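A short worksheet on the structure shown next.
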Amino acid sequence: MISEQHRKQFLQELQQNKYIDYQEILKIADAFQIASGQSYAEGRTKALLDFINLQNSLVIKNFNNTGQDKLIYTVKEFAIMLKNVDQFIDLENDKEFKAYF
């Protein structure tokens, strides 16, 4: 499945880099709203959730385009942050992400 390929590839990138740039978060949020972007958004989001569970944190560089980094410690915290970016993305109640919550 394409979503799984996105997840594996992006998880490897996260494990090497140890952070994600805020602009990538915005790209993922945008992809959720486009039918052709669903597998990209789901795969990358699952990789981020996996990474948080494995590393117990995620660094988001240049959070909110402020030049400051933000640390996310839990998948719930990540879900809330993503919902603040786009109110229609509700990971906690999305069947694709149920296993994470």
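Amide H contacts for ASP21 (H built 1.01 Å from N in the peptide plane; partners 5 or more residues away or on another chain; cut-off under 5 Å): LYS61. Here's the list of aspartates and glutamates a cross-link from LYS61 could span, going by alpha-carbon distance under 17 Å and ignoring same-chain residues fewer than 8 apart: GLU13, ASP21, GLU24, ASP69, GLU77. Relative contact order, whole percent, for the chain stands at 26, derived from Cα pairs under 8 Å and 6 or more residues apart. Basic side chains Lys and Arg get +1 at the Cβ, acidic Asp and Glu get -1 at the Cβ, and with that the dipole of the stretch 1-72 about its Cα centre reaches some 80 debye. The sum of -39500 (n - 2.57) across all DSSP H runs of n ≥ 4, divided by the residue count of the chain, sets its helix-only mean residue ellipticity at 222 nm to -18000 deg cm²/dmol.
What net charge is computed for the residues neighbouring ASN56, neighbours being all others with C-beta under 14 Å from the C-beta of ASN56, Lys and Arg scored +1, Asp and Glu -1?
Details: positive: LYS18, LYS76; negative: ASP50, GLU77.
With Lys, Arg at +1 and Asp, Glu at -1, the neighbours total 0.
In terms of surrounding Cβ atoms within a 10 Å radius of their Cβ, THR45, THR74, THR66 rank from fewest to most as THR66, THR74, THR45.
Bear in mind that the values in this text are calculations on the coordinates, not laboratory data. What you see is a predicted model, and the numbers here were worked out from it, not measured in a lab. Counting neighbours? That spans all protein chains shown, and the Cβs are built from the backbone with ideal geometry, glycine included.
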